[in-house]
Amino acid sequence: MATQPEFHATHCTRYRYRYSACRRCADACQYDAVALSEEGISINPSACRNCSLCVAVCPTEALAAADLPRIDILKRASGQSALTIACAPSGLKGDEVVPCLGSVDAAMLAHLSSRGVALTLAGTQHCSACAHGENAMRQLELHLEALADLKSAVDGDHWADIAVPASCGGQPSKAEHSAARRHLFRRLVGRGVDRITRPITQDDAPPAPLKAIRFARQFSTAGREVLQGLLDRAGNERQSPLPAHPAIFAAQVEAPRGCTACEACARACPTDALQVRESGVAWELAFEFSRCVGCGVCTEACQPRVLRLAPAMHHWKAPQPVELHARSKQRCDRCDRFFVSPEPADMCLACTGDDEDFASLFG
Ligand code: SF4
Ligand code: SF4
């Protein structure tokens with residue numbers, strides 16, 4: 001029986017950072033069943049039709065559906081040479097039946113294909129007659145396009161084919177395909193699209209206050225582990241850049257210059273991909289690619305607006321965190337403690353401006 005997605009608020013970027021503009025799930029929903037708020041999202045049970053398209057577009061896996069057991073499907077397919085995944089609305093039989101083929105994400109497709117499982121997606125011939133229609137077809141198309149990008153980056157010529165039987169309306173022309181991709185990209189990523197595709201500059205709107213970041217436990221996602229698994233299995237001889245893509249939940253974060261050591265990005269990052277490392281005298285912001293899900297909330301929270309997601313990922317096999325920014329700590333003239341400051345300063349923030357208090361105590 002189809003079940004509605006469950007929402008885990010602490011995984012949602014909107015919950016973790018009150019000013020996050022993420023609306024991928026709402027844009028993927030054909031039925032306007034997803035309402036956005038500062039607490040995350042809520043799903044209207046009477047409008048939801050259980051397609052799970054919202055589940056497949058969430059980079060942080062804040063949404064889960066019992067009838068889309070992605071990791072279980074991959075486990076069951078292990079060692080098989082062929083697998084048919086059918087969509088429930090088509091009524092077709094398959095080794096696995098999912099709520100909608102548009103909910104089978106790129107990491108799943110790539111994992112199966114790279115393991116030599118010849119995959120058939122059964123039901124695409126019914127897409128145009130299906131109520132999940134337009135969004136489902138676009139999403140499936142986007143996942144197949146992300147699969148092609150992954151295959152090309154890791155030299156996956158040997159990957160097994162994926163059969164997509166006669167999708168309705170035939171294959172779109174290249175121009176239509178690009179237009180559809182751009183359209184969906186904008187719909188999926190919403191207002192965050194600009195922040196993902198171009199560097200954020202000082203000219204952008206001022207950042208929201210640091211207190212808008214909620215403390216919540218950091219986590220890793222199963223989908224990101226599946227993706228990194230297949231990137232790590234790729235041969236070392238050829239590593240082409242992997243283009244940033246809305247259906248590939250990974251990103252390469254860069255901080256070209258201007259980092260003020262405010263640490264907002266590391267606090268907002270849900271997966272601990274951005275890490276602050278400190279010793280007594282040094283401060284460093286490090287980035288661990290294998291944990292990054294490309295949600296982009298770090299770029300939204302960055303106070304000086306210098307953090308950005310690169311248009312292509314060049315170091316997708318990097319095993320260790322890389323340094324994004326480092327600086328030496330300074331010693332406060334007044335309290336003698338070490339502190340981090342964007343500019344050379346005599347006193348730490350806590351001591352600055354307390355001259356009267358200091359004088360009243362120590363003369
Ligand atoms: S896609 Fe995920 S992170 Fe974004 S608003 Fe929806 S639930 Fe939150
Ligand atoms: S580093 Fe940035 S884009 Fe990557 S998971 Fe963390 S917050 Fe999201």
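Quick rundown of the values:
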item	result
Pair list, Cβ under 6 Å, 6 or more apart: region 36-56 residue farther than 17 Å from Pro99 by Cβ, other residue part of a helix (DSSP H, G or I) and of a type in the set (A, V, I, L, M)	Leu36/Ala26; Gly40/Ala9
Every pair of residues 6+ apart whose Cβ atoms lie under 7 Å, when the first sits in region 307-332 and is aromatic (Phe, Trp, Tyr) while the second is in a strand (DSSP E or B) and open to solvent by less than 90 Å² (accessible area, probe 1.4 Å)	Trp316/Leu242
Check on Ser341, open to solvent by less than 40 Å² (accessible area, probe 1.4 Å), away from ligand 1 (no atom under 16 Å from the Cβ), part of a loop (DSSP other than H, G, I, E, B) and touching a residue at least 40 places away in the same chain (Cβ under 8 Å)	yes
Entirely in region 55-129, the strands (runs of 3 or more DSSP E) that have 2 or more residues that are open to solvent by less than 60 Å² (accessible area, probe 1.4 Å) and in contact with a Gly (Cβ under 6 Å, 6 or more places away or on another chain)	82-87
Qualifying position, being within 16 Å of ligand 2 (Cβ to nearest atom) and either aliphatic (A, V, I, L, M) or under 16 Å from the mean Cα position of the chain (by Cα) (or both), among Ala21, Ala82	Ala21
Breaking point among (1) away from ligand 2 (no atom under 16 Å from the Cβ); (2) assigned to a helix (DSSP H, G or I), for Thr10	(1)
Residue check, Glu300 more than 13 Å from the chain's Cα centre (by Cα), near ligand 2 (Cβ under 9 Å from one of its atoms) and not in a loop (DSSP other than H, G, I, E, B)	yes
Every residue from region 292-314 that is within 16 Å of ligand 1 (Cβ to nearest atom), open to solvent by 10 Å² or more (accessible area, probe 1.4 Å) and more than 23 Å from Gln228 (Cα to Cα)	Glu300
Total residues in region 275-297, condition over 27 Å from Arg337 (Cβ atoms) and touching a Phe, Trp or Tyr at 6+ places or on another chain (Cβ under 9 Å)	7
All positions within region 262-275 that are open to solvent by less than 20 Å² (accessible area, probe 1.4 Å) and either part of a loop (DSSP other than H, G, I, E, B) or within 15 Å of ligand 1 (Cβ to nearest atom) (or both)	Ala268, Cys269, Pro270, Thr271, Ala273
Residues of region 303-329 satisfying the condition of being within 13 Å of ligand 2 (Cβ to nearest atom), outside any loop (DSSP other than H, G, I, E, B) and under 15 Å from the mean Cα position of the chain (by Cα)	Arg308, Leu309, Met313
Residue list for region 225-261, restricted to those being in a helix (DSSP H, G or I), within 16 Å of ligand 2 (Cβ to nearest atom) and either open to solvent by 20 Å² or more (accessible area, probe 1.4 Å) or not aliphatic (A, V, I, L, M) (or both)	Glu225, Val226, Gln228
Given (1) more than 10 Å from ligand 1 (Cβ to nearest atom); (2) surrounded by fewer than 19 Cβ atoms within 10 Å (Cβ to Cβ), index of the condition Ser37 fails	(1)
Hey, Ala222 more than 21 Å from Ala312 (Cα to Cα), modelled with pLDDT of 95 or more and either within 14 Å of the chain's Cα centre (by Cα) or within 11 Å of ligand 2 (Cβ to nearest atom) (or both) or not	yes
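The values are calculated or read from the model by the stated rules, or taken from the named source; none is laboratory data. The shown structure was predicted, so the numbers you read here are calculated from the model rather than taken from an experiment. Here the Cβ is made from the backbone with ideal geometry for all residues, glycine too, and neighbour counts use every protein chain on show. Calculation scope for accessible area: heavy atoms of the full protein, side chains included, ligands and nucleic acids excluded. Shrake-Rupley method; radii C 1.70, N 1.55, O 1.52, S 1.80 Å.
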